[in-house]
């Protein structure tokens, strides 16, 4: 057991599961951002030819998974399990995407941290030998999320300066026991943190402490520090949340600035796109991981990377009851 754990929250993958396939499919606005040329597919129609935004999100997931499997030279039927989730009630986009496929599916909800959660669980399954090939998939849709969590778009409500823009898109990865591609070397599991933030339009502040807590635990339990990673990426705190995490670590005498980025900051250009504090949504870190981070490892732009998915675990019901917003962050260590 000691070879699989370091402390209470950090686990190791001695068999080094390989991410052999990945893909990202995003909407028009995301394609107009700084990473536009890196996405595998940019869909100009937010409904993706479907009757509703929710149906479109299902199609985004299907497309991303199909492209990732093609890169990995696998079929869906060769997968031992799919770990997937989204922001819709009952993870509808993920479950509907897997209808009729006849592959074991484990539905997940970690809000915007879902991709990191799916990735680490798929890594656990492959590392332990429970599956030779597993997939991790996550998605979100701006219009569907606005309808569920806030107001219908036709309402025309004003967005506050701290608000973030839910990414329309999906990311998929295929994790295998052997092959070529970036390797998974370990992960630090998150605990639910709540610092009393009640503003549902300020999720960056709500999630920042959870990111700090998990990254700090990872450093403490693994014996590693910021200098051991070429890049540490949270997703998705946005501009404000990123500033808060940097400040929390600076109080500890730890400087993250030179090697720290956030998926919500990377995916949009605030000077040309009206996104306020940046991107968010379960599809944000998933798409950035597949489009930008994994190719960077593949091409040796970075040798070692810490991918830290962050999620605000609120619901429409808890917001109406005026409860504070709990958050979680899961970190996955990847190596070229």
State whether one or more residues within region 40-48 are crowded, with 20+ Cβ neighbours inside 10 Å, under 30 Å from residue 191 (Cα atoms) and touching a helix residue (DSSP H, G or I) at 6+ places or on another chain (Cβ under 7 Å).
-> no
Kindly list, by first and then second residue, each pair from a residue in region 210-222 that is at pLDDT 95 or above to a residue that is part of a helix (DSSP H, G or I) and surrounded by 24 or more Cβ atoms within 10 Å (Cβ to Cβ), limited to pairs with Cβ atoms under 8 Å and residues at least 6 apart or on different chains.
-> 211/241; 211/245; 212/245; 215/245
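Can residue 244 be described as in contact (Cβ under 8 Å) with a residue 24 or more places away in the chain and not in a loop (DSSP other than H, G, I, E, B)?
So residue 244 passes the test.
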Find the residue count for region 278-300, including only residues that are touching a helix residue (DSSP H, G or I) at 6+ places or on another chain (Cβ under 8 Å), more than 10 Å from residue 236 (Cα to Cα) and part of a loop (DSSP other than H, G, I, E, B).
-> 0
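Residues are listed down the side, and each one gets a yes or a no for (1) in a helix (DSSP H, G or I); (2) outside the structural domain of residue 187 (by TED's automatic domain parsing); (3) surrounded by fewer than 18 Cβ atoms within 10 Å (Cβ to Cβ); (4) at pLDDT below 95:
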{"site": "3", "(1), (2), (3), (4)": "no, yes, yes, yes"}
{"site": "8", "(1), (2), (3), (4)": "no, yes, yes, no"}
{"site": "26", "(1), (2), (3), (4)": "no, yes, no, no"}
{"site": "33", "(1), (2), (3), (4)": "no, yes, no, no"}
{"site": "51", "(1), (2), (3), (4)": "no, yes, yes, no"}
{"site": "54", "(1), (2), (3), (4)": "yes, yes, no, no"}
For region 63-79, does any single residue satisfy the condition of being without any contact (Cβ under 8 Å) to a residue 40 or more places away in the chain, in contact with a helix residue (DSSP H, G or I) (Cβ under 9 Å, 6 or more places away or on another chain) and surrounded by 19 or more Cβ atoms within 10 Å (Cβ to Cβ)?
-> no
Would a scan of region 139-147 turn up a residue that is more than 19 Å from the chain's Cα centre (by Cα) and surrounded by fewer than 17 Cβ atoms within 10 Å (Cβ to Cβ)?
-> no
Can you name the residue in region 262-275 that is in contact with a helix residue (DSSP H, G or I) (Cβ under 8 Å, 6 or more places away or on another chain) and surrounded by fewer than 19 Cβ atoms within 10 Å (Cβ to Cβ) and is also modelled with the highest pLDDT among such residues?
-> 273
Only residues that are in a strand (DSSP E or B) and closer than 30 Å to residue 303 by Cα: list them for region 185-219, please.
-> 185, 186, 187, 188
Evaluate the following for residue 205: is it modelled with pLDDT of 95 or more, farther than 28 Å from residue 63 by Cβ, within 19 Å of the chain's Cα centre (by Cα) and surrounded by 15 or more Cβ atoms within 10 Å (Cβ to Cβ)?
-> yes
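The values are calculated or read from the model by the stated rules, or taken from the named source; none is laboratory data. These figures come from a predicted structure and were not determined experimentally. Every residue, glycine as well, gets a Cβ built from its backbone with ideal geometry; the counts of neighbours run over all protein chains shown.
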